[in-house]
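So the structure is just underneath, and the comments pick up after that.
The values are calculated or read from the model by the stated rules, or taken from the named source; none is laboratory data. Note that the structure is predicted; figures quoted are calculated from it, not measured. No Cβ is skipped: glycine too gets one built from the backbone with ideal geometry, and neighbour counts run over all protein chains shown.
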Amino acid sequence: MLFSFELSTKNRNALVDITSTVKHFVEKSGVVSGVCIVYVPHTTAGVTINENADPSVKFDIENTLSKIVPPDLNYSHAEGNSDSHVKSTLVSPSISLIIDNGKLLLGTWQGIYFCEFDGPRRRKVYVKIMKD
Ligand code: ZN
């Protein structure tokens, strides 16, 4: 089954917790055992799994990525968003999750984040759910 949803980001860089939406689609699918792929069809965004208990982790990820990939290097791409493209590749545009007993096999502290690297924008997220 294929689901999708849209979200709006408010800043140039942002990690948006989409865990509850993805869990909702897993429940709706009725799949008890299988795989869930979360995919973003964008070249300046990504998706990742990390801690969603302490909000400072999200801040540290955004901040560290911006230090590793600064916006003002001598990039060739004339659009002015090369740092956004590089971050998208570093983070990846998709993740795979395991569905077991009708639920995502996420660790206690894990959440799913949509990663904005060139906002604010309207973005799309696909969620593909497959049975064993
Ligand atoms: Zn570009």
Checklist line | Which numbered condition Lys28 fails, given (1) under 20 Å from Tyr126 (Cβ atoms); (2) within 16 Å of the ligand (Cβ to nearest atom) | finding: (2)
Item checked: Check on Ser4, surrounded by fewer than 13 Cβ atoms within 10 Å (Cβ to Cβ) and touching a strand residue (DSSP E or B) at 6+ places or on another chain (Cβ under 8 Å) -> yes
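If I filter segment 83-106 for residues that are over 16 Å from Thr48 (Cα atoms), of a type in the set (Lys, Arg) and touching a strand residue (DSSP E or B) at 6+ places or on another chain (Cβ under 7 Å), do I get at least one hit? Steps first, please.
Keep residues of segment 83-106 that are over 16 Å from Thr48 (Cα atoms), which gives 83, 99-103.
If we keep only those that are of a type in the set (Lys, Arg) as well, we get 103.
Filter again for touching a strand residue (DSSP E or B) at 6+ places or on another chain (Cβ under 7 Å), leaving none.
No, the conditions are met nowhere in segment 83-106.
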Checklist line | Tabulated pairs, segment 89-109, first over 14 Å from Val125 (Cβ atoms), second at pLDDT below 95, C-beta under 6 angstrom, 6+ apart or interchain | finding: Trp109/Ala53
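It is to be established whether one or more residues within segment 66-82 are touching a strand residue (DSSP E or B) at 6+ places or on another chain (Cβ under 9 Å) and either of a type outside the set (Asp, Glu) or surrounded by 11 or more Cβ atoms within 10 Å (Cβ to Cβ) (or both).
Restricting attention to segment 66-82, the residues satisfying the condition of being touching a strand residue (DSSP E or B) at 6+ places or on another chain (Cβ under 9 Å) are none.
Within segment 66-82, not a single residue is touching a strand residue (DSSP E or B) at 6+ places or on another chain (Cβ under 9 Å) and either of a type outside the set (Asp, Glu) or surrounded by 11 or more Cβ atoms within 10 Å (Cβ to Cβ) (or both).
Each row is one residue, and each column tells you yes or no for (1) more than 14 Å from the ligand (Cβ to nearest atom); (2) under 19 Å from Asn11 (Cα atoms).
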{"residue": "Leu65", "(1), (2)": "yes, yes"}
{"residue": "Val86", "(1), (2)": "no, yes"}
{"residue": "Ile98", "(1), (2)": "yes, no"}
{"residue": "Leu105", "(1), (2)": "yes, no"}
{"residue": "Gly111", "(1), (2)": "yes, no"}
{"residue": "Arg122", "(1), (2)": "yes, yes"}
{"residue": "Ile129", "(1), (2)": "yes, no"}
{"residue": "Asp132", "(1), (2)": "yes, no"}
